[in-house]
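The values are calculated or read from the model by the stated rules, or taken from the named source; none is laboratory data. Worth saying up front: this structure is predicted, and the values here are computed from it rather than measured. Don't worry about glycine lacking a Cβ; one is built from the backbone with ideal geometry, like all the others, and counts go over all protein chains shown.
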Amino acid sequence: MRRLLAWGVIPTRLFLGAIFFTAGMGKIWPDHHFPGLIGPVWLIEQLEKYQLGIFATFIAWSQIIIGLLLMTQRFARIAAIMLVPMLLNILMVTISQNWQGTPYVLTALLLMNIYLIAMDFDMLKWLLSDQKNVTTSGIRTNIRKDLVFLIGVLAILVSPFLAYQQLYLGVFFVVGGLLLITINQYYPRL
């Protein structure tokens, strides 16, 4: 049964990653020209009425980072753990604002994320252990791959600021960052 369920881990990671990456970029991107898959792009402006604009901006940046991490295989487990409190925060905002339907969508996304954590439980169970000496044999030591990944993430995080000056420059940085991350992940000799 576990093997049958395991086939959906990577597609679920990619789906949730794309959902949250585009949702965050849609909120942060100037004039909301970035195509977001879910979520209102006007969330920051909407919550500004309640002095929660900084909170909404924080959520948007968190969505970008967690979405990117979910789309990688290396950091997807960390991102799934990070996604739980973020989803719960978003769920509470939607409930407090009486948004119709959104809490159900968020609950479904939360269940998908719980599925990811449950499927990776063997890799994550050491978090619940009392043992102090955890093996480090699975830690990657290829600094070059880590730097390329970091450069790709930084290019994406800088892109909204560049897009305020020149939209195409921002798009170039997003596409370039995504290409760097993808090539870094799937090209073994880098």
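Here are the numbers for this structure:
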quantity	calculated
Filtered residue count, the stretch 146-174, keeping only those that are of a type in the set (S, T, N, Q) and surrounded by fewer than 16 Cβ atoms within 10 Å (Cβ to Cβ)	2
Among residues of the stretch 37-68, those that are in a loop (DSSP other than H, G, I, E, B) and buried (at least 22 other Cβ atoms within 10 Å of the Cβ), counted	1
Filter result (at pLDDT below 90 and aromatic (Phe, Trp, Tyr)) within the stretch 1-36	TRP7, TRP29, PHE34
Only listed residue being over 22 Å from the mean Cα position of the chain (by Cα) and at pLDDT 90 or above, chosen from LEU157, LEU169	LEU169
